[in-house]
Amino acid sequence: MSVDGDVRRLKSEADEPGWEVDPDDEWGLAVIATVGRQLRLRREAVGMRAAEFGEAVGYGEDMVYKIEGGKRIPRPEYLDDADSVLGAGGLIAAMKEDVRKVRYPKKVRDLAQMEAKAVELQLYDPLNIHGLLQTPEYARGLLLMRRPAYTEDEVERFIAARVARKAVFERDPAPELSFVLEEWTLRRPLGGRAVLRRQLQHLLDAGQLRNIELQVMPMDREEHAGLAGGIEVLKFTDGSAVGRSPVVAGGRPVTELRQLRILELRYGIIRAQALTPRESTAFIEQLLGDT
C-alpha cells in the first residue's frame, strides 16, 4: 500500500477522537443525523460507492458510513471536500455552521445560551480564573493538565466552546458582569510565566470596561464565605434569574426564589470580603510587575 494509503488507513483507524455525538444531546443527534443523511443521498445521487467516496476525501469506508449514519461529527474540511467531490455547489459546505454548534458540549452550549440572554452575571470560581476571562493560551494550559488527559481534539473542542462564550462581551447593550477572583489563581503560573503575564494583562484590559467589575479575594483573609464552592447567578430582563453552585441542588441550575437568595447572599458576602475593584486593579498591576 502507498504511503498516502497508509495515512488514510490510520486516519480511519484513529476514529477521530473527540468527534463523537453526545447520546444525551437530542438536538445534536438530530443535526448530525440530518447532515449524514444529506451526505449519503448526495453520494448515491452521483453513483459513488462509500469506499470510492472515502478514497476521494481521504477517509476509510467505515468512517464514511459512521458519518452518514449520524454516529460521528464530520470535520469542517470533510464537508468542504465532500461538497467539491459531489459537486454540491456549496450546499454541503453550508452545513458547517450547524455542525460547529453541535461540536460544543451540550452543557457548555446551554450555559452560553443563558449567558447570551442575561442582563447581569455574578460569577465566582474558587479554583481557576473564570472561563469568561481566560485567554485561549491559559485555557489550553488548564485543559492539558487534566488527568486522565483529554485528546487533542477534545482540547480544541473545549477551547472553541470557551471562546464562543465570550460573545457575551460583544453584546449591545452589554450586560453587567461581576467577577470575584482568588489571589492564588492569579499567582500560580499555569502554562508558564509568559502565559500568566498575558492572562494578567487581559484581566486588566477587561477591568477597564464600564460593565465589568473585577474583585480579588486575598489569601490573607481570615473569613471567607466562598469556601463551599463556586457561584453563578444570571439575571434576565423579565426579572427572572437562574443560579448554580456545587452546594445547592447538587450543582444543577436553580430558579426557585429561596435557593437563589442563598446564592445571592453568599455572593454578596464574598464581594464584601474581597478587595474593591480599584484595589483589585492595583493588586493585579503589582502581580503583573512581579511576574
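When Pro173, Pro136 are screened for being over 21 Å from Pro246 (Cβ atoms), assigned by TED's automatic domain parsing to the domain that holds Leu260 and touching a Lys or Arg at 6+ places or on another chain (Cβ under 9 Å), only Pro136 passes.
When the range 250-291 is filtered for residues that are small (Gly, Ala, Ser) and closer than 13 Å to Ile231 by Cβ, the ones remaining, listed by number, are Gly251, Gly268, Ala274.
Against the definition (under 20 Å from Val31 (Cβ atoms) and either in the same structural domain as Ala274 (by TED's automatic domain parsing) or not aromatic (Phe, Trp, Tyr) (or both)), how does Arg157 come out, yes or no? Yes; evaluated as a whole, the condition is true for this residue.
So that you can scan it fast, the table gives a plain yes or no per residue for (1) in contact with a His (Cβ under 6 Å, 6 or more places away or on another chain); (2) closer than 30 Å to His224 by Cβ; (3) part of a loop (DSSP other than H, G, I, E, B); (4) at pLDDT below 90:
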residue	(1), (2), (3), (4)
Tyr65	no, no, no, no
Leu91	no, no, yes, no
Met95	no, no, no, no
Arg109	no, no, no, yes
Leu121	no, yes, no, no
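Put simply, of Ala194, Ala228, Ala272 the only residue that is over 30 Å from Arg146 (Cβ atoms), surrounded by fewer than 18 Cβ atoms within 10 Å (Cβ to Cβ) and hydrophobic (A, V, I, L, M, F, W, C) is Ala272.
This table checks each residue for (1) outside any helix (DSSP H, G or I); (2) more than 25 Å from Gly268 (Cβ to Cβ); (3) of a type outside the set (A, V, I, L, M, F, W, C).
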residue: Ile129; (1), (2), (3): yes, no, no
residue: Leu132; (1), (2), (3): no, no, no
residue: Gly141; (1), (2), (3): no, yes, yes
residue: Val155; (1), (2), (3): no, yes, no
residue: Ala164; (1), (2), (3): no, yes, no
residue: Ala167; (1), (2), (3): no, yes, no
residue: Leu186; (1), (2), (3): no, no, no
residue: Val195; (1), (2), (3): no, yes, no
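It is to be established whether one or more residues within the range 122-141 are in contact with a Gly (Cβ under 7 Å, 6 or more places away or on another chain) and acidic (Asp, Glu). Yes, the range 122-141 contains at least one residue that is in contact with a Gly (Cβ under 7 Å, 6 or more places away or on another chain) and acidic (Asp, Glu).
Filter the range 211-225 down to the residues that are among the aliphatic types (A, V, I, L, M) and within 28 Å of the chain's Cα centre (by Cα), then identify the one that is surrounded by the fewest Cβ atoms within 10 Å (Cβ to Cβ). Step by step, filter the range 211-225, then rank; the result is Ala225. Scanning the range 38-63 for residues that are out of contact with any strand residue (DSSP E or B) (no Cβ under 9 Å at 6 or more places or on another chain) and in a helix (DSSP H, G or I) yields a count of 18. Cβ-Cβ contacts under 7 Å between residues 6 or more apart (or on different chains), taken from a first residue in the range 160-189 that is closer than 16 Å to Asp125 by Cβ to a second residue that is among the aromatic types (Phe, Trp, Tyr), are listed as Val180/Tyr124. Selection of the range 252-282 for residues being polar (S, T, N, Q), more than 21 Å from Glu115 (Cβ to Cβ) and assigned to a loop (DSSP other than H, G, I, E, B) yields only Thr276. Exactly one condition in (1) more than 19 Å from Lys101 (Cα to Cα); (2) charged (D, E, K, R); (3) surrounded by fewer than 16 Cβ atoms within 10 Å (Cβ to Cβ) is false for Lys66; which is it? Single failed check for Lys66: (3).
Can you confirm whether Val35 is in contact with a Pro (Cβ under 7 Å, 6 or more places away or on another chain), in a helix (DSSP H, G or I) and either at pLDDT below 95 or not hydroxyl-bearing (Ser, Thr, Tyr) (or both)? Quick ask: steps written out before the conclusion?
Values: in contact with a Pro (Cβ under 7 Å, 6 or more places away or on another chain): yes; in a helix (DSSP H, G or I): yes; either at pLDDT below 95 or not hydroxyl-bearing (Ser, Thr, Tyr) (or both): yes.
Yes; evaluated as a whole, the condition is true for this residue.
The residues in the range 210-251 that are free of Cβ contacts under 8 Å to residues at least 24 places away in the same chain and either in contact with a Lys or Arg (Cβ under 7 Å, 6 or more places away or on another chain) or outside any loop (DSSP other than H, G, I, E, B) (or both) can be counted, and the count is 8.
Within the range 252-269, the residues that satisfy the criterion of being surrounded by 13 or more Cβ atoms within 10 Å (Cβ to Cβ) and either more than 16 Å from Ser178 (Cα to Cα) or β-branched (Val, Ile, Thr) (or both) are Pro253, Val254, Gln259, Leu260, Ile262, Ile269.
The values are calculated or read from the model by the stated rules, or taken from the named source; none is laboratory data. These numbers come from a predicted model, not from an experiment. Virtual Cβ from ideal backbone geometry, glycine too; neighbours counted across all protein chains shown.
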